[in-house]
1. Might you report the magnitude of the Cβ-based charge dipole of chain B about its Cα centre, with Lys and Arg at +1 and Asp and Glu at -1, to the nearest 20 debye?
2. Sorted by packing (mean other beta-carbon atoms within 10 Å per residue), highest first, where do B:178-190, B:203-215, B:239-251, B:484-496 land?
3. Along the positive direction of the dipole of the protein assembly as shown (beta-carbon charges: Lys, Arg +1; Asp, Glu -1; about the Cα centre), which of B:Ile156, A:Phe144, B:His386 reaches farthest?
4. How do B:442-451, A:63-72 rank on mean C-beta neighbours within 10 Å, highest first?
5. Using +1 at the Cβ of each Lys and Arg and -1 at the Cβ of each Asp and Glu in region A:32-206, identify which of A:Ile198, A:Met45, A:Leu161 lies farthest towards the dipole's positive end.
6. Mind checking which helices in chain B clear 30 Å along their axis (Cα) and have mean Kyte-Doolittle hydropathy of -0.5 or more, DSSP H runs only?
7. Would you list which lysines come within 23 Å of A:Lys171, measuring only between C-alpha atoms, while excluding same-chain residues fewer than 8 positions from it?
8. Would you please classify the overall shape of the protein assembly as shown from the alpha carbon gyration tensor, given that a ≥ b ≥ c denote the square roots of the eigenvalues, rounded means a/c under 1.5, and beyond that prolate means a/b larger than b/c while oblate covers the rest?
Amino acid sequence: MQIPTIDESKTALNYHGAAEAASHHEAHPDHRIFGIIVFLVAEGMIFLGLFAAYLTFRAVAPVWPPEGTPERELLLPGINTAILIASSFVIHKGDTAVKNNNVASLRTWFLITAIMGAIFLAGQVYEYSHLEFGLKTNLYASTFYVLTGFHGMHVCFGILLILGVLWRSLKQGHYSSKNHFGVEAAEVYWHFVDIVWIVLFLLLYIL
Amino acid sequence: MTQLQVTDSANLGNTAETNTGGDWRKYFGFSTDHKVIGIQYLVTTFVFYLIGGALAAAVRTELATPDSDFVSRELYNSFFTIHATIMIFLWIVPAGTGGFGNYLIPLMIGAKDMAFPKLNAVAFWMIPPGGILLLSSFFVGAAGSGWTSYPPLSLINGQAGEFIWILSVLLLGTSSILGAVNFLVTLLKMRLPGMGLHQMPLFCWAMLSVSALVLVSTPVLAGALILLSFDLVAGTAFFNPTGGGDPVVYQHMFWFYSHPAVYIMILPMFGMISDILPVHARKPIFGYRAIAYSSLAISFLGLIVWAHHMFTSGTPAWLRMFFMIATMVIAIPTGIKVFSWLATIWGGKLDLNSAMLFGMGFVSMFVIGGLSGIMLASVPVDIHVHDTYFVVAHLHYVLFGGSVFGLYAGLYHWFPKMTGRMVNETWGRIHFALTLIGFNLCFLPMHKLGLEGMPRRVAEYDPKFAGLNLMATVGAYILAVSTIPFVINAVWSWMYGPKASANPWKALTLEWMTSSPPPVENFHEEPILWTGPYDYGIDFEEEGEEKSVEELLAEVKVDVG
Ligand SMILES: [Cu+2]
């Protein structure tokens, strides 16, 4: 007799008691944050694919950026980067607040994060309108716009998530120290957007 | 230990009250029940399979004679392009992962549903629009640059059709990613207490490997298609050499997904076969861990061999060497599986029903495809036969002889569980015979055609190839006919077939420990893991004694203590 699958804790009598207790309220524990992290792996792979394409274009090209590409200003993107990185710490403050059951402070921190995100986007739009190359100028320009644009879309979506959390937090008792999936989801997503930007910034502006 | 008796009596007491089964309308709505979604996937994708098959029949009709005399050359290009796109993105991938994955995973691991049921339904409901979108492109001139959509050809070949193709594939890819998130979380987090990873049925191991592969590779295809659509619509030049771009970068990104895609299309079937063969051979699976880990190995190795599709794309020699060796290494985990399956059925008490026949057909046809795969992995051979019918023969032995045979095996094996009815075995065997004959008649000659230099994707050919092409066309028609007995059998059995018991095959995995079809939330009582998934023939049924559940439980406790 092979009995690798049976041990004391799993035999019916012990097991049923536990199962009954668990099944009364929720069907199963909350796996949504884990799900979001798994999904972000996939999101991250889109960016990795685009980064790899960028690096290959760059490696194959004789000169990079191709000759005639106007110089880029570093000051504005630098400030923008600092704002986005800082916002990651701000949003974490919000998360800490909700874990202490302080919804008012959660609202403040999330509002600040959303404003910082909006400033980042505004800075991005300002930079686009002042650059001396367009989408089709050359390969560098095309990759620059598509990569930053695709990331900008993610920032937009992140801001929408944060605004969604703010909206829901207006309802009394929606978020608490025990129940704050939305807050955590928005935070994880925001960190992701932030990390992607750091890589993007290094690739497009610094290297 | 008398597992079967116990689980039967413990779990099926109140079958009648919950087993309502009847309401067919739920299959047309937004259901969050993983079993409904699984069947929705299977039926929808099968309809697309028939459409893709009709396109293949049209392609073979054109190729029955050397001249281009059936459809225009442009339409021929669209036919084989859409044929491949449907078969990959609307049949094999969603049927193997979405269909069987959804239906079986929660049942096999004793869960009530998937981790995210709503997300699951959303993923399914992306499939029909994706498919309809793709087919609608025929009204504006469907994409005709092959399912690979290589630029610069795809950029100059009819913008509207190509753009619709991209949108459709992006939609279907998103569906596949959302499905994979669900599978991975469900498999890792929702197993029955007491079921470790090593007590999972091998199908679950396969799905674990597939989901990881989907999550890592599919997004890169999305990236490639986003860039391609910019080239197509906005006039950038990422992949267009005339604007300074590099078409080879597209090929790298495309194959970074599309080589793993062949494992996304075959690993679920590997898993299903590993679960089907032991049941009908009444023997434990040979080398459980070897099969489980080889799935993981395949999925890892699958990620680092993509450039074997690009041996003729100017890939430097040292790189070709690397990809050649890495590709050949994949033969090892695959070979381990094949030997394990053979050892499993060796000396078994085979029940040659339709499921088993297709299972064995799968193993033998897949081996042929695997062997030609090793030939193609070798750079000198590949350069010789690149873009010839040898490649067409190889990929159909893997994807039809492998994947489709595997899907049929799974359909026959789990049909009683899904519908609560038995399928007619005689017609199942006729279906198998017709499929096997038609398949080999159609694709075996293509090896020779390819070695003699007949190029793929061209509507006309040298008259000296006429004989073998006619043979292939006849085979294709037999294949088309072979689906008729299957469809009639399946529909008839679903409505009027004899009622299936909970466990008609006397199988040991958990999906058979509940009624057929299972109730909503799957199990009447929390299932208990009494046995490993493959403990067939081990101390099987002591004759002539009936014990109550309590007595058996006491016995187990003594065993453990
Ligand atoms: Cu490949």
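Only the coordinates and a few stated rules stand behind these numbers; no lab work does. These figures come from a predicted structure and were not determined experimentally. Please note: Cβ atoms are built from the backbone with ideal geometry, for glycine as well, and neighbour counts cover all protein chains shown.
1. Magnitude of the dipole: close to 760 debye.
2. B:203-215, B:178-190, B:239-251, B:484-496
3. B:Ile156
4. Working: B:442-451: 21.0, A:63-72: 12.8.
Highest mean packing first, the order is B:442-451, A:63-72.
5. Of A:Ile198, A:Met45, A:Leu161, it is A:Leu161.
6. Within chain B the helices that satisfy the rule are B:34-62, B:159-189, B:202-229, B:247-281, B:354-377, B:425-451, B:466-496.
7. Cα-Cα hits under 23 Å: A:Lys93, A:Lys99.
8. Taking the square roots of the gyration eigenvalues as a ≥ b ≥ c, the protein assembly as shown is oblate.
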